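See below for the structure under consideration.
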């Protein structure tokens, strides 16, 4: 099953999980593209052949870390089944999306680049993204029809919502040039999630003053 370990790393008895944990740390620290399989093997303390025993490629590792399902898609469907009003529904999905991405090992943009470069390999992830976008568009469209959201094009508004959430998770991971002097503005995933969801919600609400109450109800719905 591969060569013996060459470092002082203490084995846990689960090499596959150790490899995933090491890959997650390296992807988070230096990005997916810059990380090599040899670095992952060295971090774990395994021979490179042992890493390839468990994962055929770096793409396999990425796929295992990313998973096929997004928590936000599950939230969208669960709250739809409860007939949650569009404003609360939208806030909850966007909040869950940012929270999951910020807590995960991967920058969404790294995953997106890999998926578009090899669509046949990441077909399920791309399909799930399409499903999430469709769920969000349906929520936005329902809110525009009900008058909760200002009139507009639901497809365009949905694209703006996703740009807000995906951009926020990237900024959470990537410091700005002046962060060394001022300190990072975003240090907690919950803060990033609230900022992104609130900004997107307020941009769509016909009455932005409703935002605090919508947020309160949406967060309670996520806990229910």
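Is there a residue being farther than 25 Å from residue 126 by Cβ and surrounded by 15 or more Cβ atoms within 10 Å (Cβ to Cβ) anywhere in segment 89-99? Checked against the condition, which is being farther than 25 Å from residue 126 by Cβ and surrounded by 15 or more Cβ atoms within 10 Å (Cβ to Cβ), segment 89-99 yields at least one hit. Between 33, 75, the distinction of being touching a residue at least 60 places away in the same chain (Cβ under 8 Å) and either surrounded by 15 or more Cβ atoms within 10 Å (Cβ to Cβ) or in the same structural domain as residue 147 (by TED's automatic domain parsing) (or both) belongs to 75 only.
Considering every residue within segment 164-186, establish whether at least one is surrounded by fewer than 14 Cβ atoms within 10 Å (Cβ to Cβ) and at pLDDT 95 or above. No: segment 164-186 contains no residue that is surrounded by fewer than 14 Cβ atoms within 10 Å (Cβ to Cβ) and at pLDDT 95 or above.
Can residue 84 be described as without any contact (Cβ under 8 Å) to a residue 24 or more places away in the chain, within 20 Å of residue 194 (Cβ to Cβ) and outside any helix (DSSP H, G or I)?
Details: without any contact (Cβ under 8 Å) to a residue 24 or more places away in the chain: no; within 20 Å of residue 194 (Cβ to Cβ): yes; outside any helix (DSSP H, G or I): yes.
No, not satisfied.
The values are calculated or read from the model by the stated rules, or taken from the named source; none is laboratory data. A quick note: this is a predicted structure, and the numbers were derived from the prediction, not measured. Positions of Cβ are generated from backbone atoms using ideal geometry, with glycine treated the same way; all protein chains shown enter the neighbour counts.
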